[in-house]
Structure formats: structure tokens, C-alpha cells
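The structure under discussion appears below in the form of C-alpha cells.
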């Protein structure tokens, strides 16, 4: 990570770099958005789809966040990488719904 740290000054710039590379990240204020998470996305260690893979479907009454996390992990279980979600680092509900609708409609 030291090479990237030399080129990118802070978490906001790292987040912007990932967005510019087409990654569909959770909102910046989410607890999952850490420098380690974004760096993992950029180097391919953490599973994060690109905008081109996202297909939105309506979800007028979404379940609670824990259920959405479980459904998102199931939808992406065929991948060899983790979504990077743990108890203290979670994405927003909108991002989870987007992942589920794109990969397990």
C-alpha cells in the first residue's frame, strides 16, 4: 500500500480513484469505507462490482440490513473473493440492494 500512499494523499482521494476506475462502491460515509477496504478493491483482493455490472431493480420494502448482508453474500458466494463485510464494517442498504438485484434478481 505504500506505493499508492505516495500517489494518493487521503481516503477521499483513494475513494475517488476507485470510482474513476469504475468500481461501484458503497457511500463514502459507510463504516466499510476504509483505506484498507478501498485498497483491497483496487488491487482485486476485495470483491466489488463495476458500474457496468449493476442492474437496478425496485425494492419497495427492503428487509433489515442484516438480512440484506446475508442475501448479498449468498448472491456473490460463487466468487472466490469476499465482499469485505464484517460486524463493524458494513455498507449502506442501497448498495446491498443493488448487489442483490444485479447478481441474484
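The values are calculated or read from the model by the stated rules, or taken from the named source; none is laboratory data. Values in this document were obtained by computation on a predicted structure and should not be read as measured data. Reconstructed Cβ throughout: ideal geometry from the backbone, glycine too, with neighbour counts over all protein chains shown.
Which residue, of 14, 42, is in contact with a strand residue (DSSP E or B) (Cβ under 8 Å, 6 or more places away or on another chain), part of a helix (DSSP H, G or I) and over 17 Å from residue 99 (Cα atoms)?
The unique qualifying residue is 42.
If you take the residues in the stretch 2-12 that are closer than 12 Å to residue 42 by Cβ and surrounded by 13 or more Cβ atoms within 10 Å (Cβ to Cβ), which one is modelled with the highest pLDDT?
Only one residue tops the list, namely 8.
I'd like the residue in the stretch 61-98 that is in contact with a helix residue (DSSP H, G or I) (Cβ under 6 Å, 6 or more places away or on another chain) and part of a helix (DSSP H, G or I) and, out of all such residues, is surrounded by the most Cβ atoms within 10 Å (Cβ to Cβ).
Residue satisfying both the conditions and the ranking: 96.
Look at the stretch 19-37 and say how many of its residues are outside any loop (DSSP other than H, G, I, E, B) and within 20 Å of residue 97 (Cα to Cα).
3
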